[in-house]
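Take a look at the structure below.
Please treat every number below as a calculation from the coordinates, not as lab data. Predicted model, so just to flag it, every value in this text is computed and none were measured. Cβ coordinates were reconstructed from backbone atoms using ideal geometry, including for glycine residues, and neighbour counts include every protein chain displayed.
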Amino acid sequence: MKKKLIVLGSGFGAFSCLKELNYNLYDVIIVSPRNHFLFTCLLPSTTVGTIEFRSIIEPIRNIKKAKYIQALCKDIDELNNRIFCEDTDTKKEFTIEYDLLIISVGETTNTYNIEGVDKYAFFLREVADARKIRIKVIDCFENASLPNITDEERKSYLRFVVCGGGPTGVEFAAELHDFIEEDVRRKYPGLDQYIEVILIEAGETLLNSFDKKLSEYTMKIFKRQKISVKTNSNITKVTQSEIFVSDGNNFNYGLLVWAAGNTGIPLIKDSRLPKNKRSKIIIDHFLRVIGQENIFALGDCAEIPDEPFPVTAQTAQRQGKYIGKSLNKISKGSPLKPFKYKDLGMLAYIGSNKALANTNQYKGSGFVTWLFWRSVYITKLVSLKNKVLVLFDWFKTFVFGRDVSNF
Ligand SMILES: Cc1cc2nc3c(=O)[nH]c(=O)nc-3n(C[C@H](O)[C@H](O)[C@H](O)COP(=O)(O)OP(=O)(O)OC[C@H]3O[C@@H](n4cnc5c(N)ncnc54)[C@H](O)[C@@H]3O)c2cc1C
C-alpha cells in the first residue's frame, strides 16, 4: 500500500520536492494557504508593473498527481502522526493523518514589535502584498496631483521609505526608481521635484551578504539615482503619517515598505519540534527533523546546526529536490547520502538596467550583469508559460511603459 505523504507549503522547497517525487510510491497531499507557487525573485518587479503578477505564479493544481488542500496547518502532532488544519476561507477545522511529513512553510516578516509597523507598513512576501504596494504607489502620485494642496503635503505623499537594505529592500527601491525615471516624469508632469526615496538600514552597509565592492557600488549607484540611504539607522516608531528614526529625525511619508528581516511563523514558533533561537526547526544532514524519523523540514524554516545555509530560493530548491529523491530511494530500501550544498551565489537588481552578480566564478556589476540577471531568471522560471509572460512583460514595459491604472 502507498504511504501517505503530506507536504506543507507551496513555495520553492515544496514545489521542487513535488516535481521530483515518484507518485507511484506515495499518496501525496499538499496543504498550503496559497494555491500557487510564487517566483519571489521577481516579486519586486511587480510592485510597479514592470512585470505583471500572474506572470510569476504557477497554480499548484497543475501538479495533477498530488491532492491539494487550501488550508493553514495550525499544529503538528508528531506523536500521533497527524496535523491540525484550518480552511483559509470558512475557518473550518480538520485533522489529517500522515505516514511522512515534509515541512516547507518558509518564514514571515519580522517587525521586531516596533510600534505601528504591523498597522501602517507594507510588506513584500506575497502577490497580494505586491498588489497593495502597486495600488498605494499610484495613489500617492494621484494624491500628490490634487489641486489645492500645499507643497509640504505633496512632498509627504511622495516620500517613499524602504526599511531594510537586504536584497528585497534594495530591489524594491531600484524598481521604484525606474518607475519614477521612466514613467512618472511622463505621466505625472511637474511632480519630479517633490519625490524622495529613502532607504533605511540598521547595519553599516547595503547588501551585507554581497562582496564589499558590490555593496559599495550599490551605494554609489543609489546616490546617483537620488535614493537617499541612511545606514546605522533604525525606525523606532511608525504612525499613520509619521516615521520616527533612531537618529532623532521624524518625517511624514506616503508609503513605507518594510523588508527588515524574517522570523518564524506561529506554526513553527509554537510547535514541539526541536528549534533553535531563531525559531528554525533543527534538522540533520539528511534534512530529517532531529528525533523524528518520518518528518523532513527544509528551506527558510529549517537549519542544520553546524552548517547554516544561505536563506535563499536556491537552498530551498536544492533541499526540496534532495528530499524528493531521498523519498524515492527510501521506499526502494536504497541507502541515502547526506545533503551536500554548493552555493551558486546571489544576484540583485539595483535599477537603471544594472545588476550585481556575487557568484564564486564571477563578481560583477552593471549593464552586462543585468543582461545576465535577466537571462538567469528567465531560465529559472518554473514553466514555459511564465517564461513567455515575463519576456512579454519586459518587452511591453520597454515599448509602452508601465500601466498606472488603479483598480
Ligand atoms: C520579495 C522577495 C524576493 C526574494 N528574492 C530572492 C532572490 O532573488 N533569490 C533568492 O535566492 N531568494 C529570494 N528570496 C527568498 C526566497 O523566496 C526564499 O528563500 C524561498 O522562498 C524559501 O523557500 P521555502 O520553500 O522555504 O518557503 P516559501 O517559498 O516562502 O514557501 C512557504 C510556503 O508555505 C506556505 N505556508 C505558510 N504557512 C503555512 C502553514 N501554516 N501551513 C501550510 N503552509 C504554510 C506558504 O503559503 C508558502 O506556500 C526572496 C524573498 C522575497 C520575499
Residues within the stretch 134-152 that are farther than 13 Å from GLU196 by Cα and either surrounded by 15 or more Cβ atoms within 10 Å (Cβ to Cβ) or among the basic types (Lys, Arg) (or both), tallied: 5
Qualifying strands (runs of 3 or more DSSP E) (wholly inside the stretch 282-374; at least 1 residues being within 21 Å of the chain's Cα centre (by Cα) and within 16 Å of the ligand (Cβ to nearest atom)): 295-297, 346-351, 354-358
Subset of the stretch 243-258 (residues that are crowded, with 18+ Cβ neighbours inside 10 Å and assigned to a loop (DSSP other than H, G, I, E, B)): TYR253, GLY254
Residues satisfying the stated conditions in the stretch 262-280, i.e. hydroxyl-bearing (Ser, Thr, Tyr) and either surrounded by 19 or more Cβ atoms within 10 Å (Cβ to Cβ) or at positive phi (or both): SER271, SER279
The stretch 69-87: number of residues that are in contact (Cβ under 8 Å) with a residue 40 or more places away in the chain, surrounded by 14 or more Cβ atoms within 10 Å (Cβ to Cβ), within 12 Å of the ligand (Cβ to nearest atom) and not aliphatic (A, V, I, L, M): 3
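Yes/no per residue for (1) without any contact (Cβ under 8 Å) to a residue 60 or more places away in the chain; (2) touching a Cys at 6+ places or on another chain (Cβ under 6 Å); (3) assigned to a helix (DSSP H, G or I); (4) more than 19 Å from VAL229 (Cα to Cα):
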residue: ASN113; (1), (2), (3), (4): yes, no, no, yes
residue: ARG131; (1), (2), (3), (4): no, no, yes, yes
residue: PHE141; (1), (2), (3), (4): no, no, yes, yes
residue: VAL161; (1), (2), (3), (4): no, no, no, no
residue: GLU171; (1), (2), (3), (4): no, no, yes, no
residue: GLU175; (1), (2), (3), (4): no, no, yes, no
residue: ASP183; (1), (2), (3), (4): no, no, yes, yes
residue: PRO189; (1), (2), (3), (4): yes, no, no, yes
Of all residues in the stretch 375-384 being assigned to a helix (DSSP H, G or I), touching a residue at least 12 places away in the same chain (Cβ under 8 Å) and not aromatic (Phe, Trp, Tyr), the one that is farthest from PHE39 (Cα to Cα): VAL376
Filter result (surrounded by 17 or more Cβ atoms within 10 Å (Cβ to Cβ) and in a strand (DSSP E or B)) within the stretch 45-66: ILE57, GLU58
In the stretch 13-62, residue farthest from THR312 (Cα to Cα) [restricted to those that are more than 9 Å from the ligand (Cβ to nearest atom) and of a type in the set (Gly, Ala, Ser)]: GLY49
Matching residues, the stretch 71-87, being assigned to a strand (DSSP E or B) and either more than 15 Å from SER10 (Cα to Cα) or out of contact with any helix residue (DSSP H, G or I) (no Cβ under 9 Å at 6 or more places or on another chain) (or both): ALA71, LYS74, ASP75, ILE76, ASP77, ARG82, ILE83, PHE84, CYS85, GLU86, ASP87
Residue in the stretch 50-67 that is polar (S, T, N, Q) and free of Cβ contacts under 8 Å to residues at least 40 places away in the same chain present: no
Residue satisfying condition, being touching a residue at least 12 places away in the same chain (Cβ under 8 Å) and not in a loop (DSSP other than H, G, I, E, B), within set THR205, THR218: THR218
Given (1) more than 10 Å from the ligand (Cβ to nearest atom); (2) on the phi > 0 side of the Ramachandran plot; (3) crowded, with 19+ Cβ neighbours inside 10 Å, number of the condition TYR112 does not satisfy: (3)
